[in-house]
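One structure is given here, and the rest of the page talks about it.
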């Protein structure tokens, strides 16, 4: 058996692994870095599989997370078409499908998730697709050339995004879903009705409160989709969006603990119970300090990217709690786009700012008077204020009318809530002794800027005395005085992706 040593090993080919490797090198990590993935190619933007890449608006090169030269320039050894078969956390070794055994000092387990496949009659017919990689999107686009009617199964993001893209490509699309309203499981019926109206106005037929019963075909190829309520829908192409299952097979073989959400158990710094082994992405379950210790497992791109950077800090001996508030976005072709922070597992009230009829609004999700999530459409400028309100955990029950009033400056209200939380004794990113939710005492827009700010995407440190190291920003420029359009000189992240760090 061929055994090799590597200082930092990323297991999995998604954004979490890529972000970790990028952050390690950006922070000046020496030593060897390896990334192993069963995918046929390098890490790519998985979100494009139902959007621009599916429609053909983006090329294969466009959706790669880094050009080929990046791997050589950063000295990151990329192994594609390579599966991790065995994990021995005690020995710190991973056995690969190419017969190699890698001995690591620090490793990130980021094996992602697998699509949930439906076991129904006719599932073997040609023309039925799931979406997880670029090859899936290629196959859907190829089959769509000869298809007039497409049925999409599921009422969440995969099905709605793919329906929008395929409709924009000239196909007749029908969504069959268990939900009463599209996207209602995560966003609630109020926002769900808005998005369903949008897709229906663009020609998508929605079959709510129904489910797939079987597929029918001729000569091995799909011709119809039959539902439990008796609909027999013509279809030459079907796309299934039935959710995913965290891929924890390797972790279980290695004896790692699996939590209640189905993910690998990690602490607030994303460390597993095995020394030197971290977890991130779809298969990571961690206690969120901004959700008062609630254990979360989030299946969204931005979350995985930020978790990769958090894991990198821990690998370098500087573990920090993962304090980023989960964020995601969704585009329905060019019809509508949403941004969301949360997540809200439960809520008892929704406060709407703006107008759903005009397609520009913010929905604040409240639980016992506290903001637990927020959704924006056409009002992205309010997202930071929603984050601050969520962090503060302040009871806004008596201020609901202000929340709904478009004349209320949400940012000012958030600042007030943060000040109240600080006076209550909370500490940044954690909880007070009384168990109250905590808020940061300062941030990128604070009046008294700290010396240093770190990019949460790649780990780059902005130091005012150095400027941005590219000459575009003069040395001595405070972070608060940087222009809003300024981006990280290493990875291109936005100014809002930086957070205060101690000098």
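The values are calculated or read from the model by the stated rules, or taken from the named source; none is laboratory data. Here the structure is a predicted model, which means the values were calculated and not measured. For neighbour counting, all protein chains shown are included, and Cβ atoms are generated from backbone atoms with ideal geometry for every residue, glycine included.
Any residue that is within 24 Å of the chain's Cα centre (by Cα), more than 16 Å from residue 393 (Cα to Cα) and assigned to a strand (DSSP E or B) - is there at least one of those in the stretch 351-358? Within the stretch 351-358, none of the residues are within 24 Å of the chain's Cα centre (by Cα), more than 16 Å from residue 393 (Cα to Cα) and assigned to a strand (DSSP E or B). Looking for something closer than 13 Å to residue 49 by Cα, surrounded by fewer than 24 Cβ atoms within 10 Å (Cβ to Cβ) and in contact (Cβ under 8 Å) with a residue 60 or more places away in the chain - is there at least one such residue anywhere in the stretch 174-192? No, because not a single residue in the stretch 174-192 is closer than 13 Å to residue 49 by Cα, surrounded by fewer than 24 Cβ atoms within 10 Å (Cβ to Cβ) and in contact (Cβ under 8 Å) with a residue 60 or more places away in the chain.
Residues in the stretch 254-265 that are crowded, with 18+ Cβ neighbours inside 10 Å and under 19 Å from the mean Cα position of the chain (by Cα): 263, 264, 265. Checking 21, 27, 69 one by one, the residue that is farther than 30 Å from residue 167 by Cβ and surrounded by 24 or more Cβ atoms within 10 Å (Cβ to Cβ) is 21 and no other. Would you check if residue 188 is part of a helix (DSSP H, G or I) and more than 18 Å from residue 161 (Cβ to Cβ)? When the stated conditions are applied, residue 188 passes them. For the stretch 249-258, indicate whether the set of residues that are out of contact with any strand residue (DSSP E or B) (no Cβ under 6 Å at 6 or more places or on another chain) and part of a loop (DSSP other than H, G, I, E, B) is non-empty. Among the residues of the stretch 249-258, at least one is out of contact with any strand residue (DSSP E or B) (no Cβ under 6 Å at 6 or more places or on another chain) and part of a loop (DSSP other than H, G, I, E, B), which makes the answer yes. Of all the numbered requirements in (1) more than 22 Å from residue 141 (Cα to Cα); (2) assigned to a strand (DSSP E or B); (3) free of Cβ contacts under 8 Å to residues at least 24 places away in the same chain, residue 214 misses one, and that requirement is (3).
Only one entry of 299, 323, 268 meets the criterion of being surrounded by fewer than 24 Cβ atoms within 10 Å (Cβ to Cβ), in contact with a helix residue (DSSP H, G or I) (Cβ under 8 Å, 6 or more places away or on another chain), in the same structural domain as residue 92 (by TED's automatic domain parsing) and assigned to a loop (DSSP other than H, G, I, E, B), and that entry is 268. Inspect the stretch 231-238 for any residue being surrounded by 21 or more Cβ atoms within 10 Å (Cβ to Cβ), out of contact with any helix residue (DSSP H, G or I) (no Cβ under 7 Å at 6 or more places or on another chain) and assigned to a strand (DSSP E or B) and give the result as yes or no. The answer is yes; a qualifying residue exists.
Looking across the stretch 78-91, the residues that are over 24 Å from residue 257 (Cα atoms) and surrounded by fewer than 16 Cβ atoms within 10 Å (Cβ to Cβ) come down to 80, 81. Considering only residues in the stretch 276-296 that are touching a residue at least 24 places away in the same chain (Cβ under 8 Å) and part of a helix (DSSP H, G or I), the one that is surrounded by the fewest Cβ atoms within 10 Å (Cβ to Cβ) turns out to be 289. Residue 406 fulfils the conditions (1) touching a strand residue (DSSP E or B) at 6+ places or on another chain (Cβ under 7 Å); (2) under 24 Å from residue 304 (Cα atoms); (3) assigned to a loop (DSSP other than H, G, I, E, B) except for a single criterion, (2). Put simply, of 314, 262, 342 the only residue that is under 30 Å from residue 202 (Cα atoms) and either out of contact with any helix residue (DSSP H, G or I) (no Cβ under 6 Å at 6 or more places or on another chain) or in contact (Cβ under 8 Å) with a residue 24 or more places away in the chain (or both) is 342.
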